[in-house]
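Here's the structure we're looking at; comments come further down.
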Protein chains: 2
Amino acid sequence: MPAFPRFAPQEAHHLPEAFYNIKADLPEPPPPALHPGTRQPLTAADWSPVFSRGFIEHEMSRERFIPIPEEVRKAMALYRPTPLVYASGLRDALGTPAHIFYKYEGAGPMGSHKSNTALVQAYLATRDGLTTLVTETGAGQWGSALAHAGALFGIKVKVFMVRVSYRQKPGRRTLMEMFGAEVDESPSPKTRFGRTLYEKDPDHPGSLGIAISEALEVALKGTNSRYSLGSVLDAVLMHQSVIGLEAESQMADYGISPDTVIGCVGGGSNFGGLAFPFIRRRLAGGPATRFLAVEPEACPSLTKGELRYDHGDAAGMTPLIFMHTLGMDFVPAPIHAGGLRYHGMAPLVSRLAAQGIVEPQAVSTKTVFDAARLFYKAEGILPAPESAHAVAAAIAEALEAKRLGREKIILFGLSGHGFLDLNAYAANGKN
Amino acid sequence: MPAFPRFAPQEAHHLPEAFYNIKADLPEPPPPALHPGTRQPLTAADWSPVFSRGFIEHEMSRERFIPIPEEVRKAMALYRPTPLVYASGLRDALGTPAHIFYKYEGAGPMGSHKSNTALVQAYLATRDGLTTLVTETGAGQWGSALAHAGALFGIKVKVFMVRVSYRQKPGRRTLMEMFGAEVDESPSPKTRFGRTLYEKDPDHPGSLGIAISEALEVALKGTNSRYSLGSVLDAVLMHQSVIGLEAESQMADYGISPDTVIGCVGGGSNFGGLAFPFIRRRLAGGPATRFLAVEPEACPSLTKGELRYDHGDAAGMTPLIFMHTLGMDFVPAPIHAGGLRYHGMAPLVSRLAAQGIVEPQAVSTKTVFDAARLFYKAEGILPAPESAHAVAAAIAEALEAKRLGREKIILFGLSGHGFLDLNAYAANGKN
């Protein structure tokens, strides 16, 4: 009997053996994170009460390629490589000469790209002897990915979930609890910071910034516990590079590379994961690929925010991070793309936007849901509201190519499916 | 620029060019359906007010292979071939020497196998000049698949949805309405038969049999409208044969064939679709493969029902069908596997069970959800409660192989994902 690969043997080789770290290729990296008290650049020792040792090594590394631990690669092989789909249905529906591809991360266990870094973080934490990871979640995709990863590697997971999403998305909570995670509505009465808000208003809708503060507070109080973050940080974007590395390898099978790469941005990890391996080529003098980072008009950190030092949370407990920000106390409107409701932006994405390599775009909720419905009918996959931001931009690019009669190649990230977001579709019109 | 295939070129050839019709290979086919009035075998003319002409041809054909219409094949190519996954995670979790494969139909647009026949039925109806299809749905997978297919081919779809599911699963209704379908709770006040029940109890939970009666009544009343059924009938099982034909071709790439084939059964189409191409080999004197049809203990038509003529609906409007049945007025407990709550069973599956080729099994709800949670953790795919019946049987087979130290090959059908059934998981325990 042969040893069976998980998928057809001709596909498995696309799963990379190492993460790509774009910091090795940036002529000038972003300014370092600062200690919130001293305002001095953070050292590994400063980070150590917050993150696992393995994670800090990833965060601080300047190596170009960092091997994916064998245990993580085995867990990723349960769903990777994810499909690179040629959007024949969408192409027909738009009547465009453009060739549209999407990298479908919704094929992952929790239905989004978040598992890519969750598996790494849970593995590194157990390897370092930790017993608990504490985190926050907005729409619930990150929280459920970490809950799943924690169950796989045997580490306890505690999640503070933004109250508005906790109430809108009971399914996400069920997923987390199914994997043994402990889930609290945020702001909660369980933390010092949460109580200050909870006691004034037990129905406070919450925000990612507030939930981060609560998670951090609990992580720092515990023994053998650390905090876990699902986006923004350099290490997280590096873990997500598996998306772009696979896409690059899959497109190479066709002998092509994209003219335009598109992703939605909340904290920036899905976009960075897809785009950075292609940006590497451009930085090395390769093709002049365009990179579009698409955010909601309701939370426009890249298009309207300032580039400066700011805290990552609402309480001012995190280090100061040099990034595009709407301000740590910005509370975005309760749009359904909960994963994009964050006041800041990954320093690496902020940097590349400031350099003009990444082009930010903001789109309206109506444009997003119209695009999502068109895509679903044409392609048969229901996008998560977050991912639908990238769909909207891809459609606009494809229609522009039609106007110009150009046979360009568009690659976008479909970061998750929307089966747990049907209430968002019900609330945003029918046809 | 090359012409891009939908998926990697080495995969596309698995999508078959013709449906497989097992009636061509049965030494003795099941007794024919009878007219409910005259009790004479039904002719094509008898069927014509009910179904489209093209569908009746499929239903009555004895040809072994019937070409898949080009338009349907193009629509199927949006999601087919579906993955044949080697369950490495489940194998490790069970510590079994068995090799477990599953054919994952949840990759389809509505998350289940139902699109396979929905696309054919919508296409045939429009080809025959019809303007409306009326149907019923239990859990909503069939209704949403037909709504999607109707939107693709441009035909109006009306759906009667069993009230208990209509209220439990608002997401399914959103999906149907997103594609322009008209959805009513059943029993409804819109039909003569529905009114007899609705007027006594506006909260009557409904059943598939009742909803079929309502859909049939509306289809017969309309001009240019016909009825559409998502399971049970010979033609539907034939459309679903794409599942088994693909699996056969995909396994041939490894040079293997299954020792045991497992599917869940409600009306029988998912099971028949997977199993019949393999049963063909056994009927032709090939390997003595085992075929397990798994049903819920709460609706045990194969294991406890009688093999006799019965109506397919609750009002006695349908033809008399020779099948395993619990009686047309049987109302199953409101288990969450709504797609398996049907009093009857496909005549072809009933026949093969009576001949001893198909082995029926009934499993408890607890066994099913325990299996689903184990599978989700090991494999990263959340099964629909219906599909989890097959998962439970596959796990039992794999553990039996472990006890015997046998390296057997198990193939089961994972007919759909469970992301729209999280309330069922929430209601059926945690770990």
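With distances taken between every two different alpha-carbon atoms, segment B:243-310 has a Kirkwood hydrodynamic radius of 13.2 Å.
Mean residue ellipticity at 222 nm, helices only, the protein assembly as shown: -11500 deg cm²/dmol; runs of at least 4 DSSP H residues each add -39,500 (n - 2.57), and the sum is divided by the number of residues.
Placing one equal scatterer on every Cα of chain A and applying the Debye formula, the log10 ratio I(q)/I(0) at q = 0.06, 0.09, 0.14 Å⁻¹ is -0.22, -0.50, -1.31. The two copies A and B are related by a rotation, and the chain A beta carbon nearest its axis, with distance in whole angstrom, is A:PHE419, 2. Between the helical axis of B:115-127 and the longest alpha-carbon principal axis of chain B there is an angle of about 40 degrees. Note the angle between two axes, namely the Cα long axis of helix B:208-221 and the longest principal axis of the Cα atoms of chain B, as a number of degrees from 0 to 90, rounded to the nearest 10. Value to nearest ten degrees: 50. Counting only Cα atoms, the protein assembly as shown measures 92, 62, 58 Å along its principal axes, largest extent leading. Sequence-ordered 3J(HN,Hα) estimates for segment A:15-23 from the Karplus curve with 6.51, -1.76 and 1.60 and θ = phi - 60° stand at 5, x, 9, 9, 6, 9, 10, 5, 4 Hz, glycine and proline given as x.
Each semi-axis of the equivalent ellipsoid for segment A:26-75 is √(5λ) with λ an eigenvalue of the Cα gyration tensor; in descending order they amount to 25, 16, 7 Å.
Within the listed set A:ALA396, A:ALA219, A:ALA353, the Gaussian network model of chain A (springs between alpha-carbon atoms below 10 Å) gives the highest mean-square fluctuation for A:ALA396.
For the peptide B:176-182, the mean number of other protein chain Cβ atoms found within 10 angstrom of a residue's Cβ is 3. Loop-resident trypsin sites (Lys or Arg not before Pro) (DSSP state other than H, G, I, E or B) in segment A:128-217 with no more than 15 further Cβ atoms inside 10 Å of their Cβ: A:LYS200. The alpha-carbon atoms of segment A:251-363 define a convex hull whose volume equals 107 cubic angstrom per residue. Across all Cα pairs in segment B:117-182, the calculated P(r) in 10 Å bins from zero up to the longest distance comes to 26, 54, 18, 2 percent per bin. Over segment A:80-223, the ratio between the Cα radius of gyration and 2.2 N^0.38 Å evaluates to 1.25.
When B:LYS221 is represented by a point 7 angstrom out along its Cα-to-C-beta vector, the spacings to that point in the other copies are 6.3 nm, nearest first.
Amide H to amide H distances under 5 Å link A:MET161 with A:THR137, A:ASP184, A:GLU185, A:SER186, where only residues 5 or more positions off or on other chains count and H is placed in the peptide plane. Can you grab the distance from the C-alpha centre of segment A:316-334 to the C-alpha centre of segment B:41-74, Å, no decimals? With segment A:316-334 and segment B:41-74 each reduced to a Cα centre, they are spaced 62 Å.
Computed over chain A with a Gaussian network model linking Cα atoms closer than 10 Å, the most mobile of A:GLU185, A:GLU11, A:GLU386 is A:GLU11.
Candidate cross-link partners of A:LYS200 among the aspartates and glutamates, defined by an alpha-carbon separation under 16 Å and a same-chain spacing of 8 or more, comprise A:GLU185. Residue-wise HN-Hα couplings along segment A:266-275, as the Karplus relation 6.51 cos²θ - 1.76 cosθ + 1.60 with θ = phi - 60° gives them from phi, are x, x, x, 7, 5, 5, x, x, 6, 7 Hz; Gly and Pro carry x. Of the beta bridges in segment B:71-202, as assigned by DSSP with both residues counted there, near 20 percent are antiparallel. The ranking of A:CYS299, A:CYS264 by Cβ neighbour count inside 10 Å, starting from the fewest, reads A:CYS299, A:CYS264. 3J(HN,Hα) along segment A:136-143, derived from phi through the Karplus expression 6.51 cos²θ - 1.76 cosθ + 1.60 where θ = phi - 60°, amounts to 10, 8, x, 5, x, 5, 5, x Hz, with x in place of Gly and Pro. For the peptide A:415-426, the mean number of other protein chain Cβ atoms found within 10 angstrom of a residue's Cβ is 4. Counting only DSSP beta bridges with both residues in chain A, the antiparallel share comes to about 30 percent. Across the identical copies, the 7 Å label point of B:ARG64, projected outward along Cα→Cβ, sits 5.8 nm from its counterparts, in ascending order. Taking the longest Cα principal axis of chain B as reference, the axis of helix B:241-252 is set at about 10 degrees.
Each principal axis of segment B:1-129 carries a Cα extent, and these read 58, 47, 26 Å when sorted largest first.
Ranked from shortest, the separations from the 7 Å Cα-to-Cβ label point of B:ASN423 to its equivalents in the other copies are 1.1 nm. Just to confirm a number: summing +1 for Lys and Arg and -1 for Asp and Glu over residues other than B:LEU229 whose beta-carbon lies under 15 angstrom from that of B:LEU229, what do you get? Neighbour charge sum, excluding B:LEU229 itself: -3. If both residues of a DSSP beta bridge must be in the protein assembly as shown, then about 30% of such bridges are antiparallel.
Projected onto its three principal axes, the C-alpha set of segment A:53-125 covers 52, 27, 16 Å, listed from the longest axis down. Would you mind counting up the charge near B:TRP47? Only other residues with Cβ under 15 Å from its Cβ, with Lys and Arg at +1 and Asp and Glu at -1. Every neighbour counted, the sum reads -3.
Once you've got the Cα coordinates, tell me which of A:LYS23/A:LYS221; A:LYS377/B:LYS74; A:LYS74/A:LYS169 are over 24 Å apart. With Cα atoms farther than 24 Å apart: A:LYS23/A:LYS221; A:LYS74/A:LYS169.
Read-outs throughout are calculated quantities, based only on the coordinates presented, and are distinct from any laboratory measurement. These numbers were taken from a predicted model, which means no experiment stands behind them. Cβ: placed from backbone, ideal geometry, glycine included. Neighbour counts: every protein chain shown.
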